[in-house]
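Take a look at the structure below.
The values are calculated or read from the model by the stated rules, or taken from the named source; none is laboratory data. This one's a predicted model, so the numbers in the text were calculated from it and none came from an experiment. As a convention, Cβ positions derive from the backbone with ideal geometry for all residues, glycine included, and neighbour counts pool all protein chains shown. For the accessible areas, the whole protein counts, side chains as well, though only heavy atoms, and no ligand, DNA or RNA atoms are used. Shrake-Rupley method; radii C 1.70, N 1.55, O 1.52, S 1.80 Å.
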Amino acid sequence: MTYAEHDSGPETPPAAAPEAARRDWAWRRLATPIGPLLLAATLEGLVRVVFHADERTARRELTRLEQLFGGPPLTGLPHLTTATTELTAYFAGELRSFTVPLDWSLSSGFNARVLHALADGVPYGSVVGYQDLADRVGEPGAARAVGAAMGSNPLPVVVPCHRVVASDGGIGGFGGGLETKRLLLALEGVLPAPLF
């Protein structure tokens with residue numbers, strides 16, 4: 001059985017790391033209009049969202065998460081269910097603000113400050129420039145570093161890095177690909193929907 005055939009990893013997990021290092025976590029793949037997303041959650045909240053989660057990408061990310069969290073995933077956790085429900089509603093145009101708790105443990109320092117400012121201050125249907133976001137975190141000379149922080153975002157869509165755009169009116173870069181960014185911005189009414 002492969003990771004892609006079920007929601008929470010192998011049925012006979014490998015030996016776990018020492019208990020002190022172990023963190024409980026679970027995962028699921030979710031089919032969306034922008035392709036499959038891999039969602040991972042801990043007891044603290046949603047911890048990871050991965051774009052284009054085909055079998056190969058999912059397998060690579062799950063191996064990484066097993067190493068980070070000290071062992072294999074569990075069958076399921078409440079925050080994973082909440083994230084799945086909320087993302088499904090978001091893509092159906094029925095949800096504008098996520099309430100699932102977030103586990104920020106995969107982000108730190110400047111990147112975490114920028115991502116928190118983004119999550120807390122850039123609502124559905126709006127955009128912000130890299131420079132404006134740098135100003136919001138008190139680092140006016142750090143517009144390029146804001147771009148790097150967006151690239152490090154462990155929680156795309158939920159922490160909406162797709163809402164960060166270039167000051168020249170372009171949509172800027174995006175780790176999930178520019179077409180994915182265009183689709184997310186169109187879903188939120190910022191850009192016209194693609195014709196096909």
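For beta carbons closer than 7 Å, sequence separation of 6+ or different chains, a first residue in segment 82-93 that is part of a helix (DSSP H, G or I) and a second that is among the aromatic types (Phe, Trp, Tyr) and open to solvent by 20 Å² or more (accessible area, probe 1.4 Å), the qualifying pairs are 86/98. Restricting 26, 40 to residues that are part of a strand (DSSP E or B) and over 26 Å from residue 178 (Cα atoms) narrows the list to 26. No other residue among 126, 107, 97 is of a type in the set (Ser, Thr, Tyr), surrounded by 16 or more Cβ atoms within 10 Å (Cβ to Cβ) and outside any helix (DSSP H, G or I) apart from 107.
For segment 173-187, give me the residue count where each residue is assigned to a loop (DSSP other than H, G, I, E, B) and surrounded by fewer than 19 Cβ atoms within 10 Å (Cβ to Cβ). Matching residues across segment 173-187 total 3. Give the residues of segment 138-164 that are open to solvent by less than 20 Å² (accessible area, probe 1.4 Å) and either of a type in the set (Lys, Arg) or farther than 25 Å from residue 105 by Cα (or both), sorted by residue number. Selection gives 163 alone. Candidates are the residues of segment 94-138 that are free of Cβ contacts under 8 Å to residues at least 12 places away in the same chain and not acidic (Asp, Glu); the one that is farthest from residue 153 (Cα to Cα) is 95. Is it true that residue 190 is closer than 20 Å to residue 120 by Cβ and at pLDDT 95 or above? No.
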